[in-house]
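Working notes, beginning with the structure itself.
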Amino acid sequence: MAPSDFSDNDTFIPTVDKEVELLEIELLLEGVHRLYGYDFRNYALPSLRRRIWHQVHAEHVITISGLQEKVLHDRDAFERLVYSLSIPVTEMFRDPPLFKVFREKVVPILRTYPYIRIWHAGCSTGEEVYSTAIILHEEGLYEKSRIYATDMNARSLQLAKEGIFGIQKMKQYTKNYLEAGGTRSFSDYYSARYNSVIFNPFLRKNMIFAEHNLATDRSFNEFNVIFCRNVMIYFDDELRNRVHSLFHESLSHFGVLVLGAKESIHFTDYSDSYEPLDRVEKIYRKIK
């Protein structure tokens, strides 16, 4: 087989019959859904295809059908596939201007509530969850808050629960924190241990971590704020609308939806249900 293209992470994709390849992908995803209950069938095909081929090579098989056979008979291989497809990419105070706007425009709204519920949907390894906790702490709101952090990836959730991150990332995270309007020394929030840092336990006190699949699971609470950043860019229009329906159902009246830079509520069934709090940072307030 000759190479036909490479993704941004240099995944080798062989030249194959496109019709056969598409059938293999559909059968793999259908098998995963029926056996394990994880639904990737409405993920955007280009990214999904690259990540599936990446996993074909990682599992040392030759075809997508070979990957399907291994995944259906080996739970560990399935979990490795989920980890690859769930795209765990994040950092503390990612896109600092967004967190600065959150502090300036959303926090004053939250001050009016007797109790605050925040949902980080697709939280990955939890860096943005801890970022939100730090802002709430600095604004005197953490004690009356609950942060629900969910992801379909059990491995990522475990890392989020532990609150342990690489020490080499702290320089960038400190820069992000300061640009996001941080008011203290960022190092006050963690302790260094060899090549890692662990965030202070008081930040985890009001966090609840749980597995939740946006593609299949339903609403589980009412929230004042929902973060879902750079997750839905991997979904097709059908799944994107389904998730927006879930968020609309889960947000309280005047609740706040925080999206990623490449996402929007426009061209969804719920575009008229929100008003922008900040158009640039894609922060919206539910009005109906």
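Table for the structure above
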quantity	calculated
Checklist (1) among the charged types (D, E, K, R); (2) open to solvent by 50 Å² or more (accessible area, probe 1.4 Å); (3) closer than 21 Å to Phe99 by Cβ; (4) modelled with pLDDT of 95 or more applied to Lys262, failing item	(4)
Residues satisfying the stated conditions in region 87-120, i.e. aromatic (Phe, Trp, Tyr) and either crowded, with 17+ Cβ neighbours inside 10 Å or without any contact (Cβ under 8 Å) to a residue 40 or more places away in the chain (or both)	Phe93, Phe99, Phe102, Tyr115, Trp119
Among the candidates Thr216, Thr174, residue that is among the hydroxyl-bearing types (Ser, Thr, Tyr) and under 27 Å from Leu35 (Cα atoms)	Thr216
Residue check for Val256: at pLDDT 95 or above, open to solvent by less than 50 Å² (accessible area, probe 1.4 Å) and under 19 Å from Phe99 (Cα atoms)	yes
Region 52-62, residues that are under 15 Å from Glu24 (Cα atoms) and either in contact (Cβ under 8 Å) with a residue 60 or more places away in the chain or surrounded by fewer than 16 Cβ atoms within 10 Å (Cβ to Cβ) (or both)	Ile62
Conditions (1) of a type in the set (Val, Ile, Thr); (2) under 23 Å from Gly166 (Cα atoms); (3) touching a residue at least 60 places away in the same chain (Cβ under 8 Å): number failed by Ile135	(3)
Unmet requirement for Phe220, which otherwise passes all of (1) in a strand (DSSP E or B); (2) open to solvent by 20 Å² or more (accessible area, probe 1.4 Å); (3) among the aromatic types (Phe, Trp, Tyr)	(1)
Some residue of region 235-250 being within 24 Å of Glu104 (Cβ to Cβ) and not β-branched (Val, Ile, Thr)	yes
Selection count, region 273-288, where residues are open to solvent by 50 Å² or more (accessible area, probe 1.4 Å) and among the hydrophobic types (A, V, I, L, M, F, W, C)	2
Scope region 154-193; condition touching a residue at least 12 places away in the same chain (Cβ under 8 Å), open to solvent by 40 Å² or more (accessible area, probe 1.4 Å) and part of a loop (DSSP other than H, G, I, E, B); matching residues	Thr183, Arg184
Enumerated helices (runs of 4 or more DSSP H) restricted to region 47-103, each holding at least 2 residues that are in contact with a Gly (Cβ under 8 Å, 6 or more places away or on another chain) and closer than 19 Å to Gly260 by Cα	96-101
Among (1) in contact with a Leu (Cβ under 7 Å, 6 or more places away or on another chain); (2) under 25 Å from Arg111 (Cβ atoms); (3) open to solvent by less than 20 Å² (accessible area, probe 1.4 Å), the one test that Leu203 misses	(1)
Region 253-288 - residue that is under 21 Å from the mean Cα position of the chain (by Cα) and small (Gly, Ala, Ser) and, of those, nearest to Gly122 (Cα to Cα)	Gly260
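Yes/no matrix, rows are residues, columns are (1) among the aromatic types (Phe, Trp, Tyr); (2) surrounded by fewer than 15 Cβ atoms within 10 Å (Cβ to Cβ); (3) modelled with pLDDT under 90:
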site	(1), (2), (3)
Asp5	no, yes, yes
Ile13	no, no, yes
Leu23	no, yes, no
Leu28	no, no, no
Gly37	no, yes, yes
Arg50	no, no, no
Gln68	no, no, no
Leu72	no, no, no
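The values are calculated or read from the model by the stated rules, or taken from the named source; none is laboratory data. Since the model is a prediction, treat every value here as computed from it, not as a measurement. No Cβ is skipped: glycine too gets one built from the backbone with ideal geometry, and neighbour counts run over all protein chains shown. Only protein heavy atoms, including side chains, enter the accessible area calculation; ligands, DNA and RNA are left aside. Shrake-Rupley method; radii C 1.70, N 1.55, O 1.52, S 1.80 Å.
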